[in-house]
Amino acid sequence: MSDSHSSEQSPIHWFDDPSQVPADVADWLMEMGSMTRRFEKQGVTVTVKPQNECFVSRGELGESEAQQLPESARYWIREIVLFGDAEPWLLGRTVIPEETLTGPDLALVDLGTVPLGRYLFSGNNLTRDYIHLGQLQSENGDLWARRSRLRLSDKPLLLTEIFLPDSPVHRPEGKVSKA
Ligand SMILES: C=C(O[C@@H]1C=C(C(=O)O)C=C[C@H]1O)C(=O)O
């Protein structure tokens with residue numbers, strides 16, 4: 001992510017229609033379960049390194065992020081790099097309105113190196129409003145991305161994931177690498 005408080009400067013182009021994304025890539029990006037668990041099924045150890053965690057005002061969000069979340073005095077931002085073994089596989093940016101951080105969900109500000117998915121998929125109160133598919137132009141080439149609005153007991157949070165070149169999303173699953 002180009003800016004610690006907004007992913008809007010990262011020029012993600014969001015597709016209107018998922019069919020604009022190749023089927024083997026869409027199979028990854030439309031994953032409805034935990035991406036952490038999907039990565040682990042590749043036989044790697046998944047680790048997460050937080051890069052930035054802080055409260056910000058609505059004005060510090062990206063414009064399209066703010067449009068997808070309710071008004072709040074402040075939002076918790078969590079930006080991480082997720083690794084498959086030693087390879088960086090994903091950049092994650094989560095934006096959580098303060099009103100979502102109630103009851104047990106206050107734990108979301110103390111995740112540290114625990115993958116967000118471990119928390120989100122541990123209960124039975126997670127729903128997903130939508131997944132938007134996108135592509136980011138970067139110096140490492142075009143990177144696939146997705147943005148989900150999730151809800152914990154109907155309280156919203158917004159998650160943007162950018163898949164890095166080493167991730168299986170950029171190496172179609174099941175293809176045996178040439179020896
Ligand atoms: C949301 C999940 O957790 C992963 C871990 C993240 C984190 O620790 O911040 C962010 C994005 C996800 O790729 C998941 O496993 O689906």
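Atom-type composition of the exposed protein surface of the chain places 52 percent of the accessible area on carbon and sulfur (1.4 angstrom probe). For the options Leu126, Leu164, Leu150, a Gaussian network treatment of the chain with springs between C-alpha atoms closer than 10 Å singles out Leu126 as fluctuating the most. The eigenvalues of the Cα gyration tensor, multiplied by 5 and square-rooted, give the range 17-168 an equivalent ellipsoid with semi-axes of 24, 18, 16 Å from largest to smallest.
If you sort Phe55, Phe121 by accessible surface, 1.4 Å probe, largest first, the order is Phe55, Phe121. Looking at the range 36-100, the pairs of alpha carbons with a distance over 14 Å make up 60% of the total. Mean sequence separation of contacting Cα pairs (under 8 Å, at least six apart), scaled by the length of the chain, corresponds to a relative contact order of 24 percent. Within the range 9-42, name every residue whose backbone N is under 18 Å away from a label modeled 7 Å from Cα of Gln137 along the Cβ vector. Answer for this model: 9-16.
Comparing mean-square fluctuations of Asp110, Asp142, Asp27 from a GNM of the chain with C-alpha springs under 10 Å, the top value falls on Asp110. Taking 0.36 nm per residue of separation and subtracting the current Cα-Cα distance, fully stretching the chain between Ala73 and Ser57 would add 5.1 nm. Across the range 74-124, the mean sequence separation of Cα contacts (distance under 8 Å, 6 or more residues apart), normalised by length, yields a relative contact order of 28 percent.
Express the accessible area of the range 71-179 per residue in Å², computed with a 1.4 Å probe while the remaining protein chains stay in the model. Spell out each step's value before the answer.
Details: 4930 Å² over 109 residues.
Per residue, the range 71-179 has 45 Å² of solvent-accessible surface.
Largest mean-square fluctuation among Lys49, Lys41, Lys155, in a Gaussian network model of the chain whose springs join Cα atoms under 10 Å apart, belongs to Lys41. Other residues within the sphere of radius under 14 Å centred on the Cβ of Arg151, judged by their own Cβ, net out at -1 (K and R +1, D and E -1). Applying the Karplus relation 6.51 cos²θ - 1.76 cosθ + 1.60 with θ = phi - 60° to the range 102-114 yields 3J(HN,Hα) values of 10, x, x, 6, 4, 4, 4, 8, 10, 5, x, 8, 6 Hz, where x marks Gly and Pro.
Computed extension length for Asp16-Leu106: 29.0 nm, one decimal, from 0.36 nm per residue of separation with the Cα-Cα distance subtracted.
Taking all protein chains as shown and a probe of 1.4 angstrom, Tyr119 keeps an accessible surface of around 50 Å². Using the Cα gyration tensor of the range 100-179, with a ≥ b ≥ c the square roots of its eigenvalues, what is the shape: rounded (a/c below 1.5), prolate (a/b larger than b/c) or oblate (neither)? Prolate is the answer for the range 100-179, as a/c is 1.5 or above and a/b outweighs b/c.
The values are calculated or read from the model by the stated rules, or taken from the named source; none is laboratory data. Everything quoted here is computed from the prediction, not taken from an experiment. All Cβ positions, even for glycine, are placed from backbone atoms using ideal geometry, and neighbour counts span all protein chains on display. Please note that ligands, DNA and RNA were not included when accessible areas were found on the heavy atoms of the full protein model with its side chains. Shrake-Rupley method; radii C 1.70, N 1.55, O 1.52, S 1.80 Å.
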